[in-house]
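S.K.: To start, I am sharing the structure in question, which I have written as structure tokens.
The values are calculated or read from the model by the stated rules, or taken from the named source; none is laboratory data. As the structure is a computational prediction, the values presented were derived from the model and not from experiment. Positions of Cβ are backbone-derived with ideal geometry, glycine not excepted, and every protein chain shown enters the neighbour counts.
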Amino acid sequence: MTIRYRCRHCETEVGSLPFESARETLRLLEELDRKEEERFLKVGKDGDLTVRCICEECERTLQSFPDYYTFTKWIQ
């Protein structure tokens, strides 16, 4: 099992952690409420966990165009 970090806007994989080194991440993820969990986490068929985050490029774009925060997905 692996924890993968993927940009929720452009789908770029930001990084990954092998399960053995991810205990603290899993503990923090357990603190998310159900609505946040559905928005930011996805469990794959192979058991891998994907955390939906924002990559540096999309973060820079959002800083330049703050109106984009109102969109769920602004890259088509």
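S.K.: So residue 42 fits all but one of (1) out of contact with any His (no Cβ under 7 Å at 6 or more places or on another chain); (2) modelled with pLDDT of 80 or more; (3) in a helix (DSSP H, G or I); what number is the exception?
M.R.: (3) is the only condition that residue 42 fails.
S.K.: List the pairs whose first member sits in segment 46-75 and is closer than 27 Å to residue 17 by Cβ and modelled with pLDDT of 85 or more, whose second member is assigned to a helix (DSSP H, G or I) and of a type in the set (A, V, I, L, M, F, W, C), and whose Cβ atoms are under 9 Å apart, counting only residues at least 6 apart or on separate chains?
M.R.: 51/29; 51/40; 52/40; 53/40; 54/62
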